[in-house]
1. Looking at the stretch 71-78, can you tell me whether even one residue there is modelled with pLDDT of 85 or more and farther than 26 Å from residue 103 by Cβ?
2. List, please: which pairs have Cβ atoms under 9 Å, are six or more places apart or on different chains, and start with a residue in the stretch 75-99 that is free of Cβ contacts under 8 Å to residues at least 40 places away in the same chain and end with one that is not in a helix (DSSP H, G or I)?
3. Closer than 17 Å to residue 38 by Cα and not small (Gly, Ala, Ser), is that true of residue 62?
4. Go through the stretch 40-104 and tell me which helices (runs of 4 or more DSSP H), entirely inside it, have 2 or more residues that are surrounded by 12 or more Cβ atoms within 10 Å (Cβ to Cβ) and among the aromatic types (Phe, Trp, Tyr).
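The values are calculated or read from the model by the stated rules, or taken from the named source; none is laboratory data. Because the structure is a prediction, the values reported are computed rather than measured. When we count neighbours, we look across all protein chains shown, and the Cβ atoms used for this are built from the backbone with ideal geometry, even at glycine.
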Amino acid sequence: MSGKSFVKGLLAGAAVGAAVGLLTAPKSGKELRKDLADYAKKMSKDVEKMLAKAKTVSKETYAKAVEEVTAMYAKVKSFDKADMDALKKKLMGEWESVVKKLKK
């Protein structure tokens, strides 16, 4: 193998490796926080839809709906347990505002 071929192969391999690394790298904290905020909004709407048919909504019923929705999202999204726990906590903190929306 000549020296030029080896160098070309080395450079090509480095370029492919860098591209794969960039494409598969985890998201930055800012991007991940934005994704989590976006999914929190979607999940909140899904919880509201689940509860819209109920005549009264207790905190227990709301918690069950939050559990169901987060379990559904956990199956299809690649958030880790800490992220999912943060989403659950955020959704549980919205209980009073969701109840007010449902009463309208």
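1. Yes: the stretch 71-78 contains one or more residues that are modelled with pLDDT of 85 or more and farther than 26 Å from residue 103 by Cβ.
2. 84/77; 95/57
3. Values: closer than 17 Å to residue 38 by Cα: no; not small (Gly, Ala, Ser): yes.
No: the conditions fail for residue 62.
4. Numbers: elements: 59-76, 81-93, 95-103.
Qualifying helices (runs of 4 or more DSSP H): 59-76.
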